[in-house]
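The values are calculated or read from the model by the stated rules, or taken from the named source; none is laboratory data. Not measured: the values here are computed from a predicted model. For neighbour counting, all protein chains shown are included, and Cβ atoms are generated from backbone atoms with ideal geometry for every residue, glycine included. All accessible areas refer to the heavy atoms of the entire protein, side chains included, with ligands and DNA or RNA removed. Shrake-Rupley method; radii C 1.70, N 1.55, O 1.52, S 1.80 Å.
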Amino acid sequence: MSKIKVKQIKSGIKKPQNQKRTLEALGLHKIGQVVEHEATPSILGMVNKVKHLVSTEEA
């Protein structure tokens, strides 16, 4: 599988609890933090749920 880099670009403050938990599940805690994941359907679904808070790129 290919890998994707996910970078948090906006805060999760004042966002719904499910979006905060999704950021946490992706391993993101701070703005500017970058994590790398396999591009599985479950990860892509999580990224899609918080697409307004993160940016992605191919690794």
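A few remarks follow.
- Which of Ser42, Val6, Leu53, positive extreme of dipole for the chain (C-beta unit charges): Leu53
- Accessible-area value, Glu58, 1.4 Å probe, nucleic acids and ligands omitted, Å²: 130
- Based on the Kirkwood approach, the hydrodynamic radius assigned to the chain is 11.2 Å, with every pair of different Cα atoms included.
- Charged neighbours of Ala59, selected by a Cβ distance under 9 Å, balance to -1 (K, R count +1; D, E count -1).
- Only the Cβ atoms of Lys and Arg (+1) and of Asp and Glu (-1) were treated as charged; on that basis the dipole of the chain about its Cα centre amounts to roughly 380 debye.
- Neighbours of Lys3, meaning other residues whose beta-carbon lies under 9 angstrom from its beta-carbon, give a summed charge of -2 when Lys and Arg score +1 and Asp and Glu score -1.
- Separation of the range 1-22 and the range 23-46, taken as the distance between their Cα centroids, equals 6 angstrom.
- Angle of helix 17-26 to the longest C-alpha principal axis of the chain, folded into 0 to 90 degrees and rounded to 10: 40°.
- The local environment of Gly45, defined by Cβ-Cβ distances under 15 Å, has a net charge of +2 under the rule Lys, Arg +1 and Asp, Glu -1.
- Heavy-atom accessible surface of the chain: percent carbon and sulfur, 1.4 Å: 53
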